[in-house]
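Working notes, structure below.
The values are calculated or read from the model by the stated rules, or taken from the named source; none is laboratory data. Keep in mind that this is a model prediction, so the values were computed, not measured. Cβ placement follows ideal geometry from the backbone for every residue including glycine, while neighbour counts extend to all protein chains displayed.
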Amino acid sequence: MSCCSKSFVGRLVVVKLVVLGALAAVWFLGMRNKWAPVLDFQRKVNRRVVNPRQMRDAGTPGAYAAVIRHTGRISGAAYETPVVPFPHGDRYVIALPYGTRPDWVKNVLGAGTAELVHEGETFTVTSPVVRSLAPDDVPANEQRALRVFGNTECLEVRRVA
């Protein structure tokens, strides 16, 4: 390899690293500042890649994610979405990293009820309310990630006895 081609390869590597760094910065700032194009892109990635993998064990004892079962507002179709609920007595708090834009949030709010499969138990939840996320809503080990990504909203639901 000649010295000129080594120099070219070196510059190409630097350019690729700069582009990757810029894309990472745009993604991070977009998630933190809730930029719609970035949120929509991340939601699509999650829907196609992350969610199917999480659904393999979501709702089972010890799983990170639970499953929220909801009905489409327009279609009437049944849907299942992985979520991370934090229990507080008879209520559950679910952080909303994408705000109220996701269809599952709109469906639960519209219906006023859903089913939650959490730790191997299935139960009905009602009275969904979007509110500000308080520090005591989530465990300390989750708070940092929520702060870093600017998550300020949650969906609170109540478990039906």
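Couple of notes before you dig in:
Here is a yes/no grid of residues against (1) under 13 Å from the mean Cα position of the chain (by Cα); (2) closer than 16 Å to V157 by Cα; (3) of a type in the set (A, V, I, L, M, F, W, C):
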{"residue": "A22", "(1), (2), (3)": "no, no, yes"}
{"residue": "V26", "(1), (2), (3)": "no, no, yes"}
{"residue": "L29", "(1), (2), (3)": "no, no, yes"}
{"residue": "R47", "(1), (2), (3)": "yes, no, no"}
{"residue": "A78", "(1), (2), (3)": "no, no, yes"}
{"residue": "F86", "(1), (2), (3)": "no, yes, yes"}
{"residue": "G89", "(1), (2), (3)": "no, yes, no"}
{"residue": "Y92", "(1), (2), (3)": "no, yes, no"}
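- Residue match in the stretch 101-114 (condition: touching an Asp or Glu at 6+ places or on another chain (Cβ under 9 Å) and aliphatic (A, V, I, L, M)): no
- Whenever a residue of the stretch 22-50 is closer than 18 Å to W104 by Cβ and surrounded by 12 or more Cβ atoms within 10 Å (Cβ to Cβ), its partners that are of a type in the set (S, T, Y) and modelled with pLDDT of 80 or more, lying with C-beta atoms within less than 7 angstrom and at least six residues away or across chains, give the pairs L39/Y98; R43/Y98.
- The residue of the stretch 55-68 that is nearest to E142 (Cα to Cα), among those that are of a type outside the set (A, V, I, L, M) and surrounded by fewer than 20 Cβ atoms within 10 Å (Cβ to Cβ), is Y64.
- Those residues of the stretch 130-156 which are within 17 Å of the chain's Cα centre (by Cα) and either assigned to a strand (DSSP E or B) or under 15 Å from R91 (Cβ atoms) (or both), in sequence order: V130, R131, S132, L133, D137, V138, E153, C154, L155, E156
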